[in-house]
Amino acid sequence: MAEAPASPPRRALLLSYGSGLLALGLMDAYVFIIPLWAVLIGANATEVGLLVGARSLLPGLLAIHGGALIDRYGPRRIMIVFVVVIIVMAPLYPLLPWFVPLLIMQTIIGLALTMQWVGAQTTIAHLSKGETGYIGYFSFATRIGTFVAPIIFGLLWDFTNPTVCFVGVSLWAALMLGLTLSISGDGPRRASEAPVGPRSIAGMIRTVMPKWSDYRETIALCAIPAIAISIGACFLRNSTSSIQSSIYVVYLTEIGITGTVIGVLFAAIEGASSIGSLVAGRASKLLPPFVMLIGTTAAAIALIAITPLLGGIVVLLFVAQALRGVIQGINQPVMFSVQAKAVPPERQGATVALRVTVNRVSSIIIPPVMGIIADAAGIGSSFLILGGVLLAGTAVLWLYARRMPEAAAT
């Protein structure tokens, strides 16, 4: 009888969970603070949109390169570099209260925030070896971060001043740095590209510059059926978040739902997602991984597509959000697990970066497409039309999965 795999060290797991909490909390802190700061310094709506969008520019272009660097040098080193960038840059915002420098800082900070989060995900992928239970606890920890960070920085914003708020971000990042420094080791690295000390500044620059081969090899991971299926599910799943952050809010406002109630509906999905993350390990044993992955993706799409059918009844909207939260809370660890088990340890960073890139693409494509549909057919109909298209996509994904050896083996 084969021996059960050894459990990861408890201390390492706790540090990894902490890094997930702090990493995603940092991202949410910036999502919360920057629009407030932009309005305070007199930015108009277009400028606010540009500032928010600028945060995704470099991650969309360089996430794959960053994932390759993580595989080459290990997640700990890369996380340290980018967390230091956040620590240094956060207090600069109040010192440069003009649009152009703010836009430049947003572009840089967006990459730093993304890469420290990619590093945290890669760390748990190395430790867990793809076990859904451990990844579920990691996802639960990240939900704590997304819940706590807006509250903390909201209080700082209301009861102190913007300078204290940005210094608070820097201190949060400093805590992240201390935790990252406490992580022992740096995970497996690609043996053929193990880091060697460059003998000159030019050599160092060549080492860290983007390489077409990294992009080619990362995209080529989609030749692995499990990666192709999970990346397709990733795009479809993230589409529901893109709908929620755009047309969903507009629709609720048009039917007379107040901002406070909309906030409660958003909180409902976050809280329910944490519950789903905790039970993901057990839930994953009920069905084969691809059935669970595609099934939960389809259910999440259906639950947001039926929004106009709920008649604006707040209780029904709340229930739909809570159910979708639980389902997406289960879906995420299962997706991470499928991907972590499909590639060798030294390619985990590239896999995470590929997932991040697909999420960015989904966030760019879905809102304008749904907006076009809403203008042409009505905002209520846009939910049903786009929902039908996305569900058709899950059906195609399932037909593809059924032909794959991985799906048959499960």
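Results, tabulated for the structure shown:
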quantity	calculated
Residues within the stretch 87-129 that are modelled with pLDDT under 85 and surrounded by fewer than 18 Cβ atoms within 10 Å (Cβ to Cβ), tallied	1
The stretch 204-221, subset over 15 Å from G66 (Cβ atoms) and modelled with pLDDT under 65, residue most open to solvent (accessible area, probe 1.4 Å)	R206
Cβ pairs under 9 Å, 6+ apart, first in the stretch 209-221 and closer than 14 Å to L61 by Cα, second open to solvent by 60 Å² or more (accessible area, probe 1.4 Å) and at pLDDT below 85	P210/L61
From the options G232, G276, residue that is part of a helix (DSSP H, G or I), of a type outside the set (K, R) and under 21 Å from F147 (Cα atoms)	G276
Residue match in the stretch 243-259 (condition: open to solvent by less than 40 Å² (accessible area, probe 1.4 Å), closer than 19 Å to T351 by Cβ, assigned to a helix (DSSP H, G or I) and modelled with pLDDT of 75 or more)	no
Tally of residues being modelled with pLDDT of 90 or more and more than 21 Å from the chain's Cα centre (by Cα) across the stretch 68-86	0
Cβ pairs under 7 Å, 6+ apart, first in the stretch 143-156 and within 18 Å of G325 (Cβ to Cβ), second not in a helix (DSSP H, G or I)	none
Qualifying residue in the stretch 221-229 (condition: part of a helix (DSSP H, G or I) and either closer than 23 Å to L309 by Cβ or among the polar types (S, T, N, Q) (or both))	no
Qualifying helices (runs of 4 or more DSSP H) (wholly inside the stretch 292-410; at least 1 residues being open to solvent by less than 30 Å² (accessible area, probe 1.4 Å), among the aromatic types (F, W, Y) and in contact (Cβ under 8 Å) with a residue 24 or more places away in the chain)	314-342, 379-402
Residue list for the stretch 33-56, filter: part of a helix (DSSP H, G or I), within 15 Å of V100 (Cβ to Cβ), hydrophobic (A, V, I, L, M, F, W, C) and open to solvent by 50 Å² or more (accessible area, probe 1.4 Å)	L50
Residue satisfying condition, being in a helix (DSSP H, G or I) and within 21 Å of I365 (Cβ to Cβ), within set L62, L103, L69	L62
Complete set of residues in the stretch 262-282 that are of a type outside the set (S, T, Y) and at pLDDT 80 or above	L265, A268, I269, G271, A272, I275, G276, L278, V279, A280, R282
Test: S19 is crowded, with 23+ Cβ neighbours inside 10 Å and of a type in the set (S, T, N, Q)	yes
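The values are calculated or read from the model by the stated rules, or taken from the named source; none is laboratory data. In this text the structure is predicted, and so the values were computed from the model without any measurement. Note that each Cβ is placed from the backbone with ideal geometry, even for glycine, and that neighbours are counted across all protein chains shown. The accessibility values were calculated without ligands, DNA or RNA, using every heavy atom of the protein model including side chains. Shrake-Rupley method; radii C 1.70, N 1.55, O 1.52, S 1.80 Å.
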